[in-house]
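Everything below concerns the one structure shown next.
The values are calculated or read from the model by the stated rules, or taken from the named source; none is laboratory data. Note that this is a predicted model, so its numbers are computed, not measured. A quick note on method: Cβ atoms are made from the backbone with ideal geometry, for glycine too, and the neighbour counts reach across all protein chains shown.
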């Protein structure tokens, strides 16, 4: 079944059936990724442009690998060193790329809403790889997919999202995705990093990190995004690590064992200590592996292909 949307601009636009379809397709692709020959001819007639106006390592590599695993032709664009630095507009940049007969655009941009704006002006399918502080839909999908692998059905499961909630597009997309799937959400962090009225999204707020971790089944720990903070919101990173960092002593003091996640990149010793990031409770590397399968599923489903016979 195709998705109900032409673009993946955010989790808000997806139905529960869309999310389940992405997960089901990702499971098939994850099996393919375990084979000696991982490349498929599924999208051999499709060209995908990765257009990144912000720095990225994991997301960009994950998308590029997903596209190549599907057999697509890949064009990579970075704003640094391009005509953007000479004043070229976003629409002109993308239209110039589309005139090279590109079928799909994966875009990351520092401005919230940029992928939506672009979708109103061009015909190709657009996948949002992160826009400002708005959404990062494929990260939320791979996070939820990874949780479901460990916990089964997410309905009624308790998830704590901990850290820089205010500046995190991952947090917002996770909230939208997990609530659609029936999970309960608590956000935790310093009061200065928790947006006002976030309870209106159906989440709880808990400023005591130990209580937040005692409550949950999964802790999704977010990076402190200093590059988006235009004024000091806490005194020092050392103070943050002391009061809101997750360390082994804190986890060992809980009454139960919880799952620990992080979308990366990790500031080791700040939001997570190394003995937590590398522990058996951590599924961070599993998130990275699942990211390729999820992005393969999204690209495949938006491409308009109708069967998976190439997988057999």
Among 46, 57, 25, 15, the single one that is closer than 16 Å to residue 127 by Cβ and either assigned by TED's automatic domain parsing to the domain that holds residue 180 or within 20 Å of the chain's Cα centre (by Cα) (or both) is 25
Picking from 260, 276, 298, which residue would you name as being buried (at least 20 other Cβ atoms within 10 Å of the Cβ), in a strand (DSSP E or B) and either more than 21 Å from the chain's Cα centre (by Cα) or touching a residue at least 24 places away in the same chain (Cβ under 8 Å) (or both)?
-> 260
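Tell me, yes or no, whether the range 179-200 has at least one residue that is assigned to a helix (DSSP H, G or I) and under 20 Å from residue 297 (Cβ atoms).
yes
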Consider residue 197 against the criteria (1) modelled with pLDDT of 95 or more; (2) surrounded by fewer than 23 Cβ atoms within 10 Å (Cβ to Cβ): it satisfies all of them except one. Which criterion is unmet?
-> (1)
Residue match in the range 149-166 (condition: modelled with pLDDT of 95 or more, touching a helix residue (DSSP H, G or I) at 6+ places or on another chain (Cβ under 6 Å), within 15 Å of residue 11 (Cβ to Cβ) and surrounded by fewer than 19 Cβ atoms within 10 Å (Cβ to Cβ)) | no
Selection from the range 36-46 of residues that are touching a residue at least 24 places away in the same chain (Cβ under 8 Å) and surrounded by fewer than 18 Cβ atoms within 10 Å (Cβ to Cβ) | 38, 39, 41, 44
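Condition check ((1) in contact with a strand residue (DSSP E or B) (Cβ under 6 Å, 6 or more places away or on another chain); (2) in contact (Cβ under 8 Å) with a residue 40 or more places away in the chain; (3) in a loop (DSSP other than H, G, I, E, B)) across all residues:
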| residue | (1), (2), (3) |
| --- | --- |
| 2 | no, yes, yes |
| 17 | no, no, no |
| 22 | no, yes, no |
| 27 | no, yes, no |
| 63 | yes, yes, no |
| 76 | yes, no, no |
| 91 | no, no, no |
| 96 | no, no, no |
| 108 | yes, yes, no |
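Among the candidates 71, 81, 113, which residue alone is surrounded by fewer than 16 Cβ atoms within 10 Å (Cβ to Cβ), over 30 Å from residue 221 (Cβ atoms), out of contact with any strand residue (DSSP E or B) (no Cβ under 6 Å at 6 or more places or on another chain) and at pLDDT 90 or above? Break it down stepwise before answering.
Numbers: 81 fails: at pLDDT 90 or above; 113 fails: over 30 Å from residue 221 (Cβ atoms).
Only one candidate passes the filter, namely 71.
Quick check on the range 119-142: of everything there that is part of a helix (DSSP H, G or I) and touching a helix residue (DSSP H, G or I) at 6+ places or on another chain (Cβ under 6 Å), which residue is surrounded by the most Cβ atoms within 10 Å (Cβ to Cβ)?
We begin by selecting, within the range 119-142, every residue part of a helix (DSSP H, G or I); these are 119, 137-142.
Then keep just the ones that are touching a helix residue (DSSP H, G or I) at 6+ places or on another chain (Cβ under 6 Å); that gives 137-142.
On the way: 137: 30, 138: 27, 139: 27, 140: 28, 141: 27, 142: 27.
So, considering only residues that are part of a helix (DSSP H, G or I) and touching a helix residue (DSSP H, G or I) at 6+ places or on another chain (Cβ under 6 Å), the one surrounded by the most Cβ atoms within 10 Å (Cβ to Cβ) is 137.
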